[in-house]
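Here the structure is laid out as structure tokens; the discussion comes afterwards.
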């Protein structure tokens, strides 16, 4: 369940962020160094945290870098641990 404090944003807040190779329909406010994104369609990717192959519409990026995606499960776990 997503926190209600997350807001939709059109512009990345990190000037060093890379451009997304996916069609992003929503970007939530950054939580620390992580940002959650909703993609237009479910996309296959390897999670850089749990090292599992995933297919999802929600992905997280660290410092706006799209070359090392994080699954929503690991994103939530990282936030709960304060990382």
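The values are calculated or read from the model by the stated rules, or taken from the named source; none is laboratory data. What you see is a predicted model; the values in this text were computed from it and never measured. We place every Cβ from the backbone using ideal geometry, glycine too, and count neighbours over all the protein chains shown.
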Hey, can you tell me all the residues within the stretch 27-76 that are outside any strand (DSSP E or B), over 20 Å from residue 17 (Cα atoms) and in contact (Cβ under 8 Å) with a residue 12 or more places away in the chain? 50, 52, 73, 74
Name the residue that is modelled with the highest pLDDT, counting only residues in the stretch 16-45 that are surrounded by fewer than 15 Cβ atoms within 10 Å (Cβ to Cβ) and within 25 Å of residue 82 (Cβ to Cβ). 29
Failed criterion for residue 55 (all others in (1) exposed (fewer than 13 other Cβ atoms within 10 Å of the Cβ); (2) at pLDDT 95 or above; (3) in contact with a helix residue (DSSP H, G or I) (Cβ under 9 Å, 6 or more places away or on another chain) hold): (3)
